[in-house]
Amino acid sequence: MATTARPQNPVLKRNFTTDSVVSSEAPSATASPFDSPTGSASNTSLSSLGSDDNVSVKNTRGTLVDGYGNEFQIPDYTIKDIRDAIPKHCFERSGARGLAYVARDIACLAATFYLFHNYVTPETIASKPARAALWAGYTVLQGLFGTGLWVMAHECGHQSFSPSKVLNDTVGFIAHTALLVPYFSWKISHGKHHKATGHMERDMVFVPKTREQYASRIGKFAHELHELTEETPIATLIHSVLQQLGGWPMYLLANVTGHNYHERQPEGKGKGKKNGFFGGVNHFNPASPLYERKDEHLILASDIGLAVVIGTLWYIGKTFGFSNLFVWYFIPYLWVNHWLVVAITFLQHTDPTLPHYDAQTWTYTRGAAATIDREFGFVGRTLLHGIIETHVLHHYVSTIPFYKADEATEAIKKVMGRHYRSDTEGGSLGFLQAIWKSARWCHWVEPSEGAQGEGKGVLFFRNRNGLGTAPVKMSAPVAKPTAGNAAKMEIGADSDHE
């Protein structure tokens, strides 16, 4: 890791690019509808332009700098370039193979429960501390196996499980419902997340805080954040633990981390509704603005499925004891929440190198590249079916089955070139360390200090800990007298808000 000196604020620079280069072939004239212009001149692939054109475009955007201090360039290829690079057989899905993986995950869950229930008992292990330690290990294992089953249901939701939609939705509904996930409700909102990844106003799953939102949360003014350089490890730890344990239920119940522009819902279902526990936005109410009216019966079906599972769990608790149920099911359930939030959401969309885009600058191709692949070794590649290691591809073509994602990822690297992001340093240990690193480095997003024009719509993570690229220095709002005896607060001429 190279270090560039900077007074009291060293900027760490890391290279996340591959050895491959951007394809020199000009893109086809036929583009995906997802690449429709959004007021951006960059929808033409820059790889087909001359050096003078590249310099001209760069000058109009200014200098964009990520959290490590590396200069950023907006992706310059199309979704068609990506799809054309992937071998055709990577798109082939096998229902039999998908079912075999589901059977494997269920067998692991059942075998683990059988072994611990029958052999980790007072009769076989007299030491109570030893039994407690073993049962703690049980919850970790079941959490991993349960997350693996969750991922397979996730494959079903994307129709990458098999060519049969009926089979996909049947398996996905059963597997997710058993894990207290409203399958159809999640499937619909998750599909919208994929259509708007990295979009600050439309992403359904992960919208990072802006500078103003973060400042209001900690009781500061936005212009004061660049002055905060004190490490806050306790606050970071508490936030991380709460996020990992409660992030998933709060997303389902209150749409936390999702966008909050529900008044734009085309059928008018979002009027007066906001994220929050009593804001009318959740994954269980058919009237939620997350869904169109044509899908409301599917939301009800998801709710009925959950009611059956909750009733079954209540019966098990009444019959065998709720303390047993807590260890058998609910602690593993919390581990599943942990891996969903950390491995499948937070770490795939949060890194100092990743951009987010405003409504005028975003395109599908740009947003899909605002994800990162990581490496979690045997756990990630085998137990969690590679969702951590091939997430970038997944956001470009979500119908490719996970067992063909590695080959497809290698193919798209040749098109993405410097725009492909991965952090595999340190393997599994590095993955776990990235949880803490991202929590410290990525607090809010804001434009780069040197951004111009369209470049102001590209936002990067900054933090209050004095790590990496410093936040933009903002002037405080200045009070100016207005006509008459009264006065109101206005933005002074020296403020960046002007």
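The values are calculated or read from the model by the stated rules, or taken from the named source; none is laboratory data. Model, not experiment: these values are computed from the prediction. Cβ placement follows ideal geometry from the backbone for every residue including glycine, while neighbour counts extend to all protein chains displayed. The protein model used for the area step is the full one, side chains on, heavy atoms only, and it has no ligands, DNA or RNA in it. Shrake-Rupley method; radii C 1.70, N 1.55, O 1.52, S 1.80 Å.
What to note about this one:
- With eigenvalues of the C-alpha gyration tensor scaled by 5 and rooted, region 257-395, Å: 31, 27, 12
- Carbon plus sulfur fraction of accessible area for region 88-217, probe 1.4 Å, in percent: 68
- FRET efficiency, ALA307 to GLU407 (Cβ-Cβ, R0 45 Å, nearest 0.05): 0.60
- Taking N as its residue count, the alpha carbon Rg of region 327-378 over 2.2 N^0.38 Å: 1.53
- Note that region 357-418 presents 25 Å² accessible area per residue, ligands and nucleic acids not counted, probe 1.4 Å.
- Region 405-453 pair-distance distribution - Cα-Cα, 10 Å bins, rounded %: 19, 29, 39, 13, 0
- Segment TRP314..ASP358, full-extension length gain: 11.3 nm, with 0.36 nm per residue of separation and the alpha-carbon distance subtracted.
- Rolling a 1.4 angstrom probe over region 340-480 with all protein chains present gives an accessible area of which 55% lies on carbon and sulfur atoms.
- R0 of 30 Å, Cβ-Cβ distance LEU432-GLN213: FRET efficiency to nearest 0.05: 0.60
- Spin-label model distance (nm) - THR399 vs LEU167, 7 Å beyond Cα toward Cβ: 1.6
- Per-peptide packing, taken as the mean over residues of other Cβ atoms within 10 Å, places 127-137, 430-440 in the sequence 430-440, 127-137 from highest down.
- Separation of alpha-carbon centers, region 64-79 and region 389-427, rounded to whole Å: 17
- In sequence order, region 75-83 has phi-based couplings of x, 10, 10, 10, 5, 5, 4, 5, 5 Hz under the Karplus curve 6.51 cos²θ - 1.76 cosθ + 1.60, θ = phi - 60°, and Gly or Pro positions carry x.
- With both labels modelled 7 Å from their Cα along Cα-to-Cβ, the ALA235 to PHE284 distance reads 3.2 nm.
- Distant-in-sequence amide H partners of LEU459 (H built 1.01 Å from N, under 5 Å): HIS356, TYR357, ASP358
- Classified by the C-alpha gyration tensor, region 297-370 has an oblate form. Its axis ratio a/c, with a ≥ b ≥ c, is 1.5 or above, and a/b does not exceed b/c.
- R0 of 45 Å, Cβ-Cβ distance HIS117-GLU449: FRET efficiency to nearest 0.05: 0.15
- Charge dipole (debye, nearest 20) of region 115-219; +1 at Cβ of Lys and Arg, -1 at Cβ of Asp and Glu: 260
- Accessible area per residue, Å², region 63-140 with all protein chains present, probe 1.4 Å: 52
- HIS194 accessible area, assembled protein chains, probe 1.4 Å, Å²: 20
- Length gained on full extension, HIS190 to SER127: 18.1 nm, using 0.36 nm per residue less the C-alpha separation.
- Proportion of all alpha-carbon pairs of region 337-421 beyond 18 Å (%): 42
- Whole-number Å³ per residue for the convex hull built on Cα positions in region 60-191: 194
- Contour excess over end-to-end distance, with Cα ends at ARG104 and ARG264 and 0.36 nm allotted per residue: 53.3 nm
- Per residue, the convex hull around the alpha carbon atoms of region 93-169 comes to 72 Å³.
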